[in-house]
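Note sheet for the following structure.
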Amino acid sequence: MKGSNMEIARHWESGTTDNESVLPWKSLKTFFPESDFHHQDIEEIVSQPDRIYIGDEFCPKRLPDVKGLKDQLKAADQKGLPVTLLTPVLTDGCIKAWGKLFETFHQWDHAAEVVVNDLGVLLYLKQTFPGFSLSMGRLFNKGFKDPRLNTKSITPAATAACFNDCSFQHANMRGLAKSLGIQRFEQDLFPHADLDPDALAMKGSNFDVSVYFPFGYVTTGRACITAGMNGQADAKFNFSAGCHAPCTTHRFKLSHPGNGPDLLQNGNTIFYPYTASMLGHLLRTAKTHGLRLVWQGGLA
């Protein structure tokens, strides 16, 4: 059951709103056994979101065009839901190219929420659209995120120092965020960190907190192997032929010889699934500490 201060957001990953009412349980079963996935709890809270996320954190090719943005905003208006725009790392040229998108979003709501994942976009938006409510995206939050490590061989002291440290816990990052007018931090559950509710909610920091689920991301990059696949045996990858957006229809399960979980490759980004205990802890903490949970189940 949803807590009184808990907020639920759903990410419309597909760029359309046609199938967003149905949770993709079939594809998620690849990573989450039905017996331990908290299906009923998740179905209950995600079926009635308080907010919609659109856009993308990892690739500019997955940002909507102006028409797509207007369609999504219209659908959100019909549902009576506020909208958050996710943005990836953008070059100066990309910022200029997507200027009309930002302008359209600003016209819809001068105080709308935008998640930024690099300082260039952040400073551009502050200068050009100062009314936006800015959140610092999870690409800013650096820490140990490889889920394949066998933690049993590591001493407790080393574990605490390595696994529980992240950028958003540091005073210098919080000071920078405050000076730039950031109001919210967006983050994952790190795969090996201690699940301390107060730390997760950044108690006493005066920042709001969003946590993405049921996946966290391991790594991302501008060179997209998925886009480079061309089906030619003599040239398996071609990064100069442009992008035909294969990530919208093809995702890959990545296996390895270790004991860690299977990973998910979606476009230029690799994700890890949360364990059942992580999901249960996240749901409980969201209820008691007033977190915003961002559902990204459609990634699979």
Subject >> Every pair of residues 6+ apart whose Cβ atoms lie under 6 Å, when the first sits in segment 271-300 and is within 20 Å of P82 (Cα to Cα) while the second is of a type in the set (V, I, T) >> reply: L291/V209; L291/V211; L293/I8; L293/V211; W295/V46
Subject >> Those residues of segment 43-74 which are in a helix (DSSP H, G or I), within 15 Å of A9 (Cα to Cα) and touching a residue at least 40 places away in the same chain (Cβ under 8 Å), in sequence order >> reply: E44, I45, V46, Q72
Original post:
From R148, R138, R174, which residue is among the charged types (D, E, K, R) and touching a helix residue (DSSP H, G or I) at 6+ places or on another chain (Cβ under 8 Å)?
Top reply: R174
**OP:** Looking for whichever is crowded, with 16+ Cβ neighbours inside 10 Å, modelled with pLDDT of 85 or more and among the hydrophobic types (A, V, I, L, M, F, W, C) here; the options are L299, L282, L254. Which one fits?
**Re:** L282
**OP:** Provide a single number: the residues in segment 174-228 that are loosely packed, with under 15 Cβ neighbours inside 10 Å, closer than 30 Å to H250 by Cα and of a type in the set (G, A, S).
**Re:** 2
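The values are calculated or read from the model by the stated rules, or taken from the named source; none is laboratory data. Bear in mind the structure is a predicted one, so any value in this text is a computation, not a measurement. For neighbour counting, all protein chains shown are included, and Cβ atoms are generated from backbone atoms with ideal geometry for every residue, glycine included.
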